[in-house]
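Take a look at the structure below.
The values are calculated or read from the model by the stated rules, or taken from the named source; none is laboratory data. Computed from a prediction, not measured in an experiment: that's the story for all the values here. Every residue, glycine among them, receives a Cβ derived from its backbone with ideal geometry; neighbour counts consider all protein chains shown.
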Amino acid sequence: MNLQCVIFDFDGTLFDSMYVWKDVGIRYLKHQNITPRQDFQQTVSSMTLYQAAQYVSCCYPIGQSAEQIMDGVNRLVEDEYVHHVLPAAGVERLLGKLAEKQVKMVIATLSERHHVAAALKRCHLDHYFTDIITARQVPTGKHSPKIYFTAMQACGAQKENTIVVEDSFSAARTAHNAGFTVIGVYEKSEPEQKQMMEICDLYVKNLTQWKVEELI
């Protein structure tokens, strides 16, 4: 494989930041003195932030638009990205190795651009990335491969020369079904680990286990 581009997920893949989003929707509703339904977390788990905000705006007596809800949720999580979240094990070494081989790197994320950019800059990793593609730019999120094709195009690469790195089964499946080479990264909150291993070209516990020479 003549590797030209690697598309990284951010939360749970590049950075140990999944804790930031755990139950954030529930916490936001409770801040508004609204009790969420029992199936709330399951309902919104595969949605983008905008889709989840639309759902809350339509289905709960909150009196806020989807945009207002998104702004409120973002205020809850922003401090963690700006000041606290850290790279996952092996990330800095891996990015350095890929850069040495002149492989372009881009992020495809459901998180906000300014959150991701702040965390990368604080940890001195921002210079590795060509771009950050978000669900605000591609509202279909990771249910559609459009976000991966947009990221790939930002690097000027072709699909056969691109690897997608994900920790979510649903996102990895989207990339796999679109014909991308996929590296899966273990995430303890992902219930479909077995299925993840079956569809990924390489599956690792963390990014220290991906030797750059593999799949190149």
Response to the item:
Expected single match for part of a helix (DSSP H, G or I) and surrounded by fewer than 21 Cβ atoms within 10 Å (Cβ to Cβ) among ALA89, ALA118 is ALA118
Discussion item. Being among the charged types (D, E, K, R), at pLDDT below 95 and over 25 Å from MET196 (Cα atoms) is the requirement here; does ARG122 meet it?
Written reply: no
Worksheet item: How many residues does the range 1-23 contain that are surrounded by fewer than 19 Cβ atoms within 10 Å (Cβ to Cβ) and closer than 23 Å to HIS115 by Cβ?
Response: 5
Worksheet item: Looking at the range 121-137, which of the residues that are in contact (Cβ under 8 Å) with a residue 24 or more places away in the chain and in contact with a helix residue (DSSP H, G or I) (Cβ under 6 Å, 6 or more places away or on another chain) is surrounded by the fewest Cβ atoms within 10 Å (Cβ to Cβ)?
Response: THR130
Worksheet item: ALA172 is checked against (1) modelled with pLDDT under 95; (2) surrounded by 19 or more Cβ atoms within 10 Å (Cβ to Cβ); (3) assigned to a helix (DSSP H, G or I) and fails just one. What number does that condition carry?
Response: (1)
Practice prompt. Give the residue, chosen from ARG27, ARG37, that is assigned to a helix (DSSP H, G or I) and outside the structural domain of GLU166 (by TED's automatic domain parsing).
Written response: ARG27
Fill in: Failed item, numbered, when ALA99 is tested on (1) surrounded by fewer than 21 Cβ atoms within 10 Å (Cβ to Cβ); (2) not basic (Lys, Arg); (3) not assigned by TED's automatic domain parsing to the domain that holds PHE129
(3)
